[in-house]
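One structure below.
Computed from the coordinates by the stated procedures, all read-outs in this text should not be read as laboratory data. Every value quoted in this text rests on a predicted model; they were computed, and no experiment measured them. In this analysis, Cβ positions are derived from the backbone assuming ideal geometry, glycine residues included, and neighbour counts consider all displayed protein chains.
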Amino acid sequence: MTTEPAIARRKWAGWGNRTQMLVAVVAAIAGGLLLPGPAEPRGLIRSGDAAHASFAPATHGRIPVHGRAMATAPGHAAAGPRIRSLRAVVRATLPHDPRAFTQGLEFRGATLYESTGLVGRSSLRAGPPGKPPTRRVELPAPLFGEGITFSSARLWQLTWRNGIAIERDPATLEERRRVSYRGEGWGLCHQHIAGRERLVMSDGTDRLTFRDPDTFTATGGIDVRKDDTSATRLNELECVPDGSIYANVYGTDTILRIDPHTGAVTAHIDASGLLTAAEGRRAGPLNGIAAVPGTDRFLITGKLWPVMFQVAFVPR
């Protein structure tokens with residue numbers, strides 16, 4: 001059993017030790033040995049992903065699509081860049097061809113261009129949004145159409161596993177030439193950044209490849225990360241004027257916003273619940289995103305969806 005005199009001696013000894021420590025700290029600051037460290041970065045806002053179960057891989061549950069962590073001062077816990085949690089709010093609904101296996105969606109002026117996939121059913125279409133296309137061309141088998149974008153007087157169209165990018169005339173959609181590339185082709189967008197132009201291409205991994213807009217030659221790329229983990233299955237892409245890249249995550253109702261300089265995810269967008277239960281039973285996954293010119297809204301749809309939605313991305 002501990003006696004009161006013993007407890008008293010411990011208290012006084014503790015105060016003596018604390019006094020010595022305080023004197024040492026004050027002396028160190030006066031001598032310039034200790035300086036205030038940087039403030040700890042803010043933490044991450046995490047948000048789950050909703051799967052489109054009928055098209056999701058067997059391993060799909062809540063998909064971790066992750067980003068790169070920021071450096072912190074020694075002694076601080078690591079924390080990544082702040083990731084905004086957004087949701088897609090419908091502002092308007094437009095008809096969409098329920099037979100279109102949508103792979104790419106892009107505006108040029110008031111005209112909406114759409115690339116569709118599947119061997120023997122791939123096409124490229126152009127016309128007013130929500131109305132039948134005024135121009136259309138088919139891709140012969142075995143080509144499987146994928147993402148599209150514009151570069152000056154060119155329209156580029158990817159193919160999935162054919163290793164071919166097709167350059168087309170934007171006005172007539174006629175094929176001009178074919179350029180080979182290695183790997184798979186998924187999404188494509190055109191970016192103005194730092195006074196230069198480049199194409200951004202996805203291949204279903206966490207890698208975005210930069211390409212010359214005239215020759216289609218690879219010029220570099222970035223790895224996309226969130227929570228310091230790879231963000232994979234990046235699919236259809238949209239580049240916007242502020243430099244950000246938006247990417248559909250295949251097999252989910254999630255869209256990511258990506259920093260083009262670092263590859264860090266800056267926003268996680270929940271686009272679930274847009275279709276009715278009956279529509280969802282016949283539809284494929286979300287895929288297709290196009291910025292509406294002159295606005296802060298986007299047009300989004302999916303594979304075999306009967307409708308397109310004009311949406312705003314707002315905080316959850």
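Key figures for this structure:
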read-out: Extreme residue, positive dipole direction of segment 91-241, given options 215, 117, 172 (C-beta unit charges); value: 172
read-out: D_trans [Stokes-Einstein, Kirkwood Rh over alpha-carbon pairs] for segment 218-290, 4 °C, 1.567 mPa s, µm² s⁻¹; value: 98
read-out: Nitroxide proxy distance, nm - points 7 Å out along Cα→Cβ at residue 227 and residue 91; value: 3.1
read-out: Taking the convex hull of Cα positions in segment 118-176, its mean projected area over all directions (nm²); value: 4.1
read-out: Sequence-distant residues sharing a close amide H with residue 297 (under 5 Å, placed H); value: 292
read-out: Those trypsin sites (Lys or Arg not before Pro) in segment 235-307 that DSSP places in a loop and that have at most 10 other beta carbons within 10 Å; value: none
read-out: Distance between modelled label sites at residue 180 and residue 242, nm, 7 Å Cα→Cβ extension; value: 4.2
read-out: Segment residue 169-residue 197, extension gain: residue separation times 0.36 nm, minus the distance between their alpha carbons; value: 8.2 nm
read-out: Largest-first principal axis extents of the Cα set of segment 270-316 (Å); value: 33, 23, 12
read-out: Magnitude of the charge dipole, segment 255-309, Cβ model with Lys/Arg +1 and Asp/Glu -1, debye to 20; value: 220
read-out: Assigned charges on the beta-carbon of Lys, Arg, Asp, Glu; segment 222-316 dipole about Cα centre (debye); value: 340
read-out: Segment residue 121-residue 141, length gained on full extension (0.36 nm per residue, minus Cα span); value: 6.4 nm
read-out: Isotropic mean projected area of the C-alpha convex hull, segment 157-285 (nm²); value: 9.5
read-out: Within segment 77-168: Cβ-based charge dipole about Cα centre, in debye rounded to nearest 20 (Lys, Arg +1; Asp, Glu -1); value: 300
read-out: Per DSSP, loop trypsin sites (Lys or Arg not before Pro) in segment 119-157 with at most 16 further Cβ within 10 Å; value: 121
